[in-house]
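Before I ask anything, here is the structure I am working with.
We did not get these values from a lab; they are worked out from the coordinates using the rules stated. Model, not experiment: these values are computed from the prediction. In this analysis, Cβ positions are derived from the backbone assuming ideal geometry, glycine residues included, and neighbour counts consider all displayed protein chains.
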There are 2 protein chains.
Amino acid sequence: MIEIDQYLAQKKEIVNRALKECLPDTGPKAVREAMSYSLEAGGKRLRPILTLAGAETLSCDDHDVIDVACALELVHTYSLIHDDLPAMDDSDLRRGKPTCHKVYGDAVAVLAGDALLTLAFELLSRYGLKPGRAEKAARIGSELGKAAGVTGMIGGQVLDLEAEGRDLTLLEIETLSAMKTGALLKASVICGAIAADAGSKELELLDRYASKIGTAFQIIDDLLDVESSAEALGKPTGADQDRFKPTFPAVLGPDEARSRAESLYNEAIMALTDLNRPVELLTGLAKKMVFRSK
Amino acid sequence: MIEIDQYLAQKKEIVNRALKECLPDTGPKAVREAMSYSLEAGGKRLRPILTLAGAETLSCDDHDVIDVACALELVHTYSLIHDDLPAMDDSDLRRGKPTCHKVYGDAVAVLAGDALLTLAFELLSRYGLKPGRAEKAARIGSELGKAAGVTGMIGGQVLDLEAEGRDLTLLEIETLSAMKTGALLKASVICGAIAADAGSKELELLDRYASKIGTAFQIIDDLLDVESSAEALGKPTGADQDRFKPTFPAVLGPDEARSRAESLYNEAIMALTDLNRPVELLTGLAKKMVFRSK
């Protein structure tokens with residue numbers, strides 16, 4: 001029986017070390033500092049850990065997939081830097097610290113985000129240069145591109161900006177959430193699985209698991225934004241309400257929202273039962289993503 | 001004997017058609033419109049044409065390299081959108097039209113740039129999914145990442161921002177130019193050559209050609225910024241002087257700058273003589289890049 005907290009701590013350590021190593025050691029200092037500031041500002045490392053866990057479930061070692069895991073975190077971090085910009089959400093605080101543009105200025109923050117996104121794909125390409133990996137790298141790059149682009153994360157951010165001050169239907173919020181956060185969470189699992197030579201049936205089941213758990217995760221995020229203290233979250237709370245952003249609890253009410261998250265959790269676990277693999281890692285991660293207080 | 005103007009017109013047409021086709025047809029309309037606005041705002045398509053010409057010189061057909069060529073133009077266009085942002089160069093006009101953020105707002109412009117960069121690498125990954133191309137895609141992605149990242153284009157943009165109002169030495173300007181514009185121009189040729197299965201000696205010669213011609217191109221750009229009319233260029237002139245940006249003519253004087261560009265042109269052509277391939281395309285392109293009035 002794996003102790004999930006211990007697993008998370010151990011993998012976080014591995015991811016943090018690898019992220020540090022993948023940052024460039026030449027080029028102008030200002031942008032490299034900004035990149036490393038945002039990358040090392042904490043964070044749960046949920047996406048790269050999902051990648052490692054997805055791969056491990058299919059018997060693939062960490063060191064055969066760590067570059068892919070890092071690419072996911074680089075994309076996530078770039079998106080946070082750009083989302084926080086004055087032109088976008090205009091946030092001063094992130095993971096308990098001043099946001100990138102507050103420390104380094106708007107211009108360097110834009111460029112640091114650009115550089116992290118570029119680095120993510122460069123890292124994937126370098127992963128693909130190792131023997132026997134080129135084809136997997138192409139498939140992973142294609143998945144990551146779709147998940148991070150206009151039909152995924154970026155598209156979701158546009159919908160989010162457009163939704164401010166408007167009432168959305170449940171379906172619209174589900175779409176927004178699936179694009180803005182769900183797509184990259186799903187890609188995290190799927191890219192790890194591709195690196196682990198998953199078969200198509202395995203990919204299908206992991207896709208279902210990851211979709212369900214991604215939405216559940218967003219519902220809990222919305223609930224915590226309403227219910228938690230800023231200190232516990234490391235970022236201002238009530239931000240969604242203040243900006244009249246549509247959220248799951250706003251449409252469903254908090255109780256119904258929580259019960260929906262728990263149903264999605266159960267459906268995610270169900271998808272794993274047909275996998276015929278040891279699923280305690282992915283089950284444990286799902287539990288941590290849904291039953292959490294920050 | 002190839003008529004170079006006819007070649008350019010023909011290839012521009014092929015590139016424009018391919019770019020139109022690679023844009024996503026789902027996802028929020030605002031960001032897709034902004035992407036296509038900036039992508040179709042004109043432009044010489046110099047980078048993708050260099051890619052096609054590099055490949056053609058090594059006997060590779062357009063349709064075997066067009067995805068790579070498009071990726072280069074997507075990266076170039078994203079960089080223009082972000083460079084024009086108020087946080088950066090704060091430009092109102094580009095290629096004779098209002099800049100992306102002037103039309104679509106800062107938030108959508110940031111995201112449209114992000115989306116074009118993401119799409120570039122997604123396109124390369126899809127290129128790599130075709131038989132026999134996966135390894136080349138990994139090598140091309142790695143080159144493109146390096147050229148577009150902190151040690152290349154993004155790094156150069158940071159140096160450029162830092163240089164405003166400061167006097168730079170010739171060496172500093174050369175470094176800045178090699179990173180900001182040179183790296184992507186060089187990658188354009190090199191990525192086309194990799195797609196065409198270039199050998200290491202061929203890559204080395206094309207690298208030398210592209211480095212020389214990249215610097216020459218930037219010198220002429222600086223000269224045109226001082227000497228041309230806004231109407232001819234399609235963007236405000238004197239912008240570099242107004243912002244006290246360091247330029248080649250500012251350090252060398254206009255005559256010495258032009259004569260240096262011409263020397264670099266000659267050295268670029270020299271590098272081609274050892275290639276043992278038909279070089280009239282690359283020679284013609286070099287001539288157009290240096291002896292131009294806009």
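At what distance in angstrom do the alpha carbon centres of region A:79-124 and region B:1-70 lie from each other?
30
Note the distances from B:Asp274 to each other copy's matching label point, with points 7 Å along the Cα-to-beta-carbon direction, in nm, sorted shortest first.
Those separations, rounded to one decimal, come out as 6.1 nm.
Could you go through region B:93-100 in sequence order and give the Karplus-derived ³J(HN,Hα) for each residue, using 6.51 cos²θ - 1.76 cosθ + 1.60 with θ = phi - 60°, rounded to whole Hz, and x for Gly and Pro?
10, 8, 6, x, 10, x, 5, 3
For the protein assembly as shown, what does the helix formula give at 222 nm: sum of -39500 (n - 2.57) over DSSP H segments with n ≥ 4, over the residue count, nearest 500 deg cm²/dmol?
Numbers: 32 runs with 418 residues, N = 588.
That comes out to -22500 deg cm²/dmol.
Just counting partner chain Cβ atoms within 10 Å, what average do the residues of peptide B:277-284 show around their Cβ? Please list the in-between numbers first.
Details: counts 0, 0, 0, 0, 0, 0, 0, 0.
Average per residue, whole number: 0.
Next question, about the same structure. With the Cα gyration tensor of region B:4-290 in hand, give its eigenvalues times 5 under a square root as the equivalent ellipsoid semi-axes, listed largest first in whole angstrom.
Working: eigenvalues 147, 130, 53 Å².
Semi-axes, largest first: 27, 26, 16 Å.
Where the only charges are on Cβ atoms (+1 Lys, Arg; -1 Asp, Glu), what is the dipole of region B:1-76 about its Cα centre, to the nearest 20 debye?
Details: 9 positive and 13 negative charges, 71 e Å.
So the magnitude is around 340 debye.
Would any residue of region B:90-120 have its amide N under 16 Å from a label point 7 Å out along Cα→Cβ of B:Glu40? List them or say none.
It comes to B:97-98, B:100, B:104, nothing else.
Here is a follow-up. Calculate the dipole size of the protein assembly as shown relative to its Cα centre from +1 charges on Lys and Arg beta carbons and -1 charges on Asp and Glu beta carbons; express the result in debye to the nearest 20. Write down the numbers at each step before the final one.
Numbers: 70 positive and 92 negative charges, 160 e Å.
The dipole magnitude comes to about 760 debye.
For peptide B:30-42, how many partner chain Cβ atoms fall within 10 Å of a residue's Cβ, on average? Could you put the intermediate results ahead of the total?
Details: counts 5, 9, 4, 0, 1, 2, 0, 0, 0, 0, 0, 0, 0.
If you average over the peptide's residues, the count of other-chain Cβ atoms is 2.
In the protein assembly as shown, with Lys and Arg counted as +1 and Asp and Glu as -1 at Cβ, which of these residues, B:Leu205, B:Thr175, A:Leu224, has the Cα nearest the positive end of the dipole, that is, farthest along it?
B:Leu205
Under a Cβ-only charge scheme (Lys and Arg +1, Asp and Glu -1), can you give me the dipole magnitude of region B:4-290 about the Cα centre, in debye to the nearest 20?
Details: 33 positive and 45 negative charges, 144 e Å.
Dipole of region B:4-290, to the nearest 20 debye: 700 debye.
What are the label-to-label distances in nm, one decimal and shortest first, from B:Glu172 to the same spot in the other copies, with labels 7 Å along Cα to Cβ?
5.2
Is there a simple number for the mean count of other chain Cβ atoms within 10 Å of the Cβ of residues in A:153-163, and what is it? Don't skip to the answer; put the middle values down first.
Numbers: counts 4, 12, 9, 2, 8, 12, 4, 1, 7, 6, 0.
If you average over the peptide's residues, the count of other-chain Cβ atoms is 6.
Another one. 5 Å is the cut-off here: which amide hydrogens, built 1.01 Å from N in the peptide plane, fall below it relative to B:Leu93, excluding neighbours closer than 5 in sequence?
B:Thr99
If you put a point 7 Å past Cα along the Cβ direction, how far is that point for A:Glu262 from the same point in each other copy, in nm, smallest first?
Spacings between copies for this position, smallest first, are 8.2 nm.
Taking chymotrypsin sites (Phe, Trp or Tyr not before Pro) as exposed when DSSP calls them loop (any state but H, G, I, E, B) and at most 13 other Cβ atoms lie within 10 Å, what is the longest stretch of chain B free of them, the sites themselves excluded? Walk me through the numbers before you get to the answer.
Working: sites that count: B:Phe244, B:Phe291.
Result for the longest clean stretch: B:1-243.
Charges on Cβ only, +1 for Lys and Arg, -1 for Asp and Glu, centred on the Cα centroid of the protein assembly as shown; of A:Val75, A:Ala112, A:Tyr127, which one is farthest towards the dipole's positive end?
Of A:Val75, A:Ala112, A:Tyr127, it is A:Tyr127.
May I ask for the distance between the Cα centers of region B:245-294 and region B:164-212, given as a whole number of Å?
When both Cα centres are located, 13 Å separates them.
Over the protein assembly as shown, what per residue volume does the convex hull of the Cα atoms give, in whole Å³? Let's see the in-between values first.
Working: hull volume 80.4 nm³, N = 588.
Taking only Cα atoms, the protein assembly as shown has a hull volume of 137 Å³ per residue.
Given a cut-off of under 8 Å on Cα pairs at least six residues apart, what relative contact order in percent is computed for region A:4-289? Working shown, then result.
Values: 408 pairs, mean separation 59.2, N = 286.
Worked out over region A:4-289, it gives 21 percent.
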